[in-house]
Amino acid sequence: MTRSSSHAPRRSSVAIAAAALAAASLGSAAAAGCGSAAPAPAPASCAPRDAIVAVSDYTSSGVGAIALDGGVDIRVAADLGKDPQLESTRGRAFFVARFDDALFELDPACGAARAKIPTNDPSFTGTTNPQDVAAAADGTLWVPRFNEPSLLVLDADGGVARSIDLSSYDPDGNPNASAIRITDVGGAEKAFVVLERLDDKDRLRSKLPSALLRVDVATRSVDDAPIPLAARNPLLLVDEALGSFFLASPGNFDDVTEDAAGIERFEPEGPSTRLLASEKALGGSATLVAVTRGCGAAIVAGPTDANATSLVTFDPDTGAVFRAAANAVLATDGFDLKALAWRGDALLVGDGRRAAGGYPVHVFDRANACDLTMRPDAIFVPLPPVGLRAIP
């Protein structure tokens, strides 16, 4: 995505020629259009791992799994797209190929690709730019699309069940839907869709309050007006932890002093929300957040063209900042930290700076409430790690 800085997170808006599908890699998985998912043969073996990882240099991408003891099993191929996202939902795992308008369902135990599911709209010019996916109890898949103002609902077999129009939720006609979570509220399944509400005509700058739209899963209808959020421009995925949603909201990347930016905690049962830790307190624009009981970790970026990233920590209940960017747990000179996940009391952090062994995934052990100590040996992957999801 084009942000105020060239190093800010991408939204697949750069016009890159799509790579040809390598049919052998996924068997018959290359289904055309918004049709049904084509299953791939199950892998012959699937070694148990600790986290699924997506890697990408925005030319080629890969997906697989890593173990905390250093084991790595990652497949890199052009048919996986150039700008991926990684998600886990209701015991299922997905690799979202944002530029290539597709989901790859993964083996949740080791990240091996099982099937490719198209998310394109034949009536829409260009990629719809799928951003995330959430699975409902009935097996349907719900996909927010950043470029097209609609929420795609896919049947369990991958066919289109419905497209829910979102165009009325932003004056420019596109509310920039970017993430989704499905959870039970009062005994009913509700889909919460993040609407960034950026200005499509002015470099996608944040000028309006962002919002969460609540949709009833059973009826596939919007419950009420969008719920205003305390912080603007919630980026990437929502971290669901402690019965709450945690959102990293950078506002505009060229300013780290905005009042409506930082880490937000949203309570779906209320619903209610609050700015938990401001970007002023964090010392940078929040791009990603991961929370476990007693300890929140976030990646924040600086306001210069380099968008230097830092790993910071905070209390997920009070919002008190333990380590801000000025005293970061880990700091880089460029936009290098792009992946974050808890695996028990271990925090995994993806680092895009190449080392002798490849690109590191750092492992931090937690002591006390939120004291993090980096292990001396990183786990090395073949391309920059851009997504991490713990394997239960």
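The values are calculated or read from the model by the stated rules, or taken from the named source; none is laboratory data. The model shown is predicted, which means the values in this text are computed figures rather than measured ones. Every residue, glycine among them, receives a Cβ derived from its backbone with ideal geometry; neighbour counts consider all protein chains shown.
Hey, could you check the stretch 257-289 for residues that are buried (at least 24 other Cβ atoms within 10 Å of the Cβ) and of a type in the set (A, V, I, L, M) and say which is nearest to Arg323 (Cα to Cα)? Only one residue tops the list, namely Leu282.
Within 22 Å of the chain's Cα centre (by Cα) and over 22 Å from Phe95 (Cα atoms) - does that describe any residue in the stretch 355-362?
Step one: list which residues in the stretch 355-362 are within 22 Å of the chain's Cα centre (by Cα), which gives 359-362.
This time we only want the ones that are over 22 Å from Phe95 (Cα atoms), so: none.
Checking the stretch 355-362: not a single residue is within 22 Å of the chain's Cα centre (by Cα) and over 22 Å from Phe95 (Cα atoms).
Against the conditions (1) over 26 Å from Pro84 (Cβ atoms); (2) touching a helix residue (DSSP H, G or I) at 6+ places or on another chain (Cβ under 7 Å), Val312 satisfies every one except (1).
Let's see how each residue does on (1) surrounded by fewer than 16 Cβ atoms within 10 Å (Cβ to Cβ); (2) touching a Phe, Trp or Tyr at 6+ places or on another chain (Cβ under 6 Å); (3) under 30 Å from Gly71 (Cα atoms):
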position	(1), (2), (3)
Asp107	no, no, yes
Pro122	yes, no, no
Pro130	no, no, no
Ala134	no, yes, yes
Ala188	yes, no, no
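Only residues that are closer than 18 Å to Glu269 by Cβ and either of a type in the set (Val, Ile, Thr) or surrounded by fewer than 19 Cβ atoms within 10 Å (Cβ to Cβ) (or both) were counted in the stretch 195-217, giving 4. The single condition from (1) within 25 Å of Pro234 (Cα to Cα); (2) assigned to a strand (DSSP E or B); (3) touching a residue at least 24 places away in the same chain (Cβ under 8 Å) that Asp184 fails is (3). A Cβ distance below 6 Å, combined with a sequence gap of six or more or placement on separate chains, defines the contacts here; from the stretch 252-269, residues that are assigned to a loop (DSSP other than H, G, I, E, B) reach residues that are at pLDDT below 90 and buried (at least 16 other Cβ atoms within 10 Å of the Cβ) in the pairs Asn252/Ser4; Asn252/Arg205; Asn252/Ser206; Phe253/Arg3; Phe253/Ser4; Phe253/Ser5; Phe253/Ala8; Asp254/Ser4.
Every condition in (1) more than 17 Å from the chain's Cα centre (by Cα); (2) under 20 Å from Pro118 (Cα atoms) holds for Asn174 except the one numbered (2).
Might you check whether a residue that is assigned to a loop (DSSP other than H, G, I, E, B), more than 19 Å from the chain's Cα centre (by Cα) and without any contact (Cβ under 8 Å) to a residue 60 or more places away in the chain occurs anywhere in the stretch 235-245? Looking for residues that are assigned to a loop (DSSP other than H, G, I, E, B), more than 19 Å from the chain's Cα centre (by Cα) and without any contact (Cβ under 8 Å) to a residue 60 or more places away in the chain, one finds none in the stretch 235-245, hence no.
Please tell me if Phe124 is touching a Pro at 6+ places or on another chain (Cβ under 7 Å) and either modelled with pLDDT of 95 or more or part of a loop (DSSP other than H, G, I, E, B) (or both). No; evaluated as a whole, the condition is false for this residue. Could we say that Asp157 is charged (D, E, K, R) and either farther than 27 Å from Thr287 by Cα or at pLDDT 95 or above (or both) here? Answer is yes for this residue. For first residues located in the stretch 132-148 and in contact (Cβ under 8 Å) with a residue 24 or more places away in the chain, partners that are β-branched (Val, Ile, Thr) and part of a loop (DSSP other than H, G, I, E, B) and lie 6+ apart or on another chain with Cβ distances below 6 Å form the pairs Ala136/Val217; Leu141/Val133; Val143/Thr119; Val143/Val133; Arg145/Thr128; Asn147/Thr128; Glu148/Thr128.
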